[in-house]
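Structure first, commentary second.
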Amino acid sequence: VLRAHCAAIAKEEAVLREGGGKAGHERQRKMNRLPVRERISHLLDKDSPFFEVGLWAAYKMYEQWGKIPAAGAVAGIGNIA
């Protein structure tokens, strides 16, 4: 039972990390922008871990406006030399 719950959480986290999905990423690239997590990876030191906080912020609060799974903001801690 615990493994099933952990698998369900991991699956939902993957959805939250998509940040707009393929369509959102394509829209960003058409405007010559990188998706937020790619921008963060370029900002941080190479191979530096990024501890994301607030991934679940506002989870399922925006369902009435469409398939918006959470707040859509990324915050965390990482190393920048």
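Computed from the coordinates by the stated procedures, all read-outs in this text should not be read as laboratory data. Owing to the predicted nature of the structure, the values given are computational and were not obtained by experimental measurement. Glycine also receives a Cβ, built like all others from the backbone with ideal geometry; neighbour counts cover every protein chain displayed.
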**Prompt:** What is the count of Lys pairs in the chain whose alpha carbons sit under 19 Å apart, if the two are 8 or more places apart or on different chains?
**Reply:** 5
**Complete:** Taking max minus min of the Cα coordinates of region 1-43 on each principal axis, largest first, gives extents in Å of 45, 23, 7
**Item:** Nonlocal amide H pairs with E52, under 5 Å, H built at 1.01 Å
**Value:** I77
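Taking Rh as the Kirkwood radius computed over C-alpha pairs, what is the Stokes-Einstein D of the chain at 4 °C in a medium of viscosity 1.567 mPa s, expressed in µm² per second? Mind showing how you got there, number by number?
On the way: Rh = 14.2 Å.
Rounded, D is 91 µm²/s.
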**Prompt:** Simple spin-label model, 7 Å along Cα-to-Cβ: V15 to I77 in nm?
**Reply:** 2.9
**Message:** I need the helices of the chain that pass two filters: whole DSSP H segments spanning 15 Å or more by Cα along the axis, and mean Kyte-Doolittle score no lower than 0.0.
**Reply:** 2-17
